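Asker: Would you mind keeping the following structure in view while I ask a few things?
We did not get these values from a lab; they are worked out from the coordinates using the rules stated. Computed from a predicted model, the values in this text were never measured in an experiment. Methodologically, a virtual Cβ is constructed for each residue, glycine included, from the backbone with ideal geometry; neighbour enumeration extends over all protein chains shown.
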Amino acid sequence: MNRRVLRQAQELQAKLAKAQEELGKLTVEASAGGGAVKVVATGHQKIQSVKISPEAVDLKDISLLEDLVLAATNEALEKSQELAQKSMGNITSGFKIPGLSF
């Protein structure tokens, strides 16, 4: 492997590591039920918090609350994945390493 390609690979590896670290610090928020349930996730697709407004709690209809939590959680994870893909795509788009595609 020539030195230029090796240098590019090392630069890419360093930038990816830094981007992964930064993603862990970023958060996204999603909600369901008009904001009755809010979920915050990190850029590493880890749920950081779940907030449920008292109005969303109806002991006679727990399944509705479960659905709201599920919907908000899935949306937060989707937003987190989009954030990660965008971040990684921005880094890898400038590198032209033979045999590797991003």
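Asker: Taking 7 Å along the Cα-to-C-beta vector as the label spot, tell me the Ile62-Leu16 distance in nanometres, rounded to one decimal.
Answerer: 4.5 nm
Asker: Relative to the longest principal axis of the C-alpha atoms of the chain, give the angle of the C-alpha long axis of helix 3-25, reported between 0 and 90° and rounded to the nearest 10°.
Answerer: Value to nearest ten degrees: 20.
Asker: What ranking, highest mean first, results for peptides 18-28, 76-86 when packing means the other Cβ atoms within 10 Å averaged over each residue?
Answerer: Averaged packing, sorted descending, gives the order 76-86, 18-28.
Asker: In degrees from 0 to 90, rounded to the nearest 10, what is the angle of the helix 62-92 Cα long axis to the longest principal axis of the chain?
Answerer: Its long axis makes an angle of about 10 degrees.
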